[in-house]
Amino acid sequence: MDERMDLKHKADVSQEDRSRADMYNFLGLVLARPADEILLEQMSQLSGDQSELGKAVETLKRVSKVSKPNSVEIEFNKLFIGVGRGELLPYASYYLTGFLNEKPLAALRRDMVNSGLSRASNVYEPEDNIASLMEMMAALIVGRFGSPVSLGKQLKFFDKHIRPWAGHFFTDLEAAESSILYASVGSVGRLFMEIEVEAFRMSAEKSA
């Protein structure tokens, strides 16, 4: 993409939407792979406010400060990899059908093509994993692969691929037996999903 056009697209994105995209990107990053020393340091510098989400961010900050990369990797593996499978299966197909690689994945792949989204060449997991979906939502908001999409198109993608199951996943992550650091990630994710659902609802009411 032409750099001038890319800068124009970035200028078209409001600060509120950039903040939303940042949160989606953060959740995608922290759920894609075990947090290393650099990411843990960045997480330990987070700051929240007195909202429920802000308090959850502060909890994540405190846990990050005392977490070590080795222990986080063990936790991540227990949660998402395991011997055969992890404690949780973070895929839309599994949460919605009870099986992997089912219709939700096929529907997502069709919508990815229509939205100009593509899987990175070094990613081999099914595209309907929670980390990828968080990253896709961020990409749509800021127009990483073209122009930022409208709020209506964001809502359509969110309602179809994220809303039906992501809140349940983050709740499960909060309560998972192996969760320590990722319990706090689950709290942040659950509360952010609740905020997004309410914000989309209010937006739809205003435009009705």
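The values are calculated or read from the model by the stated rules, or taken from the named source; none is laboratory data. The shown structure was predicted, so the numbers you read here are calculated from the model rather than taken from an experiment. Note that each Cβ is placed from the backbone with ideal geometry, even for glycine, and that neighbours are counted across all protein chains shown. Areas reflect the complete protein model, heavy atoms only, side chains present, ligands, DNA and RNA absent. Shrake-Rupley method; radii C 1.70, N 1.55, O 1.52, S 1.80 Å.
Go through (1) touching a helix residue (DSSP H, G or I) at 6+ places or on another chain (Cβ under 6 Å); (2) under 19 Å from residue 174 (Cβ atoms); (3) hydroxyl-bearing (Ser, Thr, Tyr) and name the single condition residue 71 misses. For residue 71, the failing item is (1).
Mind listing just one residue for me: the one in the stretch 120-148 that is of a type in the set (Val, Ile, Thr) and crowded, with 18+ Cβ neighbours inside 10 Å and, of those, nearest to residue 93 (Cα to Cα)? Applying the filter and picking the extreme gives 130. Checked against (1) in a helix (DSSP H, G or I); (2) in contact (Cβ under 8 Å) with a residue 12 or more places away in the chain; (3) not charged (D, E, K, R), residue 113 passes all but a single condition, namely (2). Answer yes or no: is there a residue in the stretch 33-47 that is in contact (Cβ under 8 Å) with a residue 40 or more places away in the chain, at negative phi and touching a Ser or Thr at 6+ places or on another chain (Cβ under 9 Å). Yes, the stretch 33-47 has at least one match. Taking residues in the stretch 1-28 that are open to solvent by 40 Å² or more (accessible area, probe 1.4 Å), and partners anywhere that are modelled with pLDDT of 50 or more and outside any helix (DSSP H, G or I), the pairs with Cβ atoms closer than 6 Å and at least 6 places apart or on different chains are 12/148. Among what's in the stretch 56-100 and is surrounded by fewer than 14 Cβ atoms within 10 Å (Cβ to Cβ) and over 18 Å from residue 36 (Cα atoms), pick the residue that is modelled with the lowest pLDDT. So the residue we want is 83. Answer yes if at least one residue in the stretch 32-55 is assigned to a helix (DSSP H, G or I), open to solvent by less than 90 Å² (accessible area, probe 1.4 Å) and of a type in the set (Val, Ile, Thr), and no otherwise. No - not one qualifying residue is present in the stretch 32-55.
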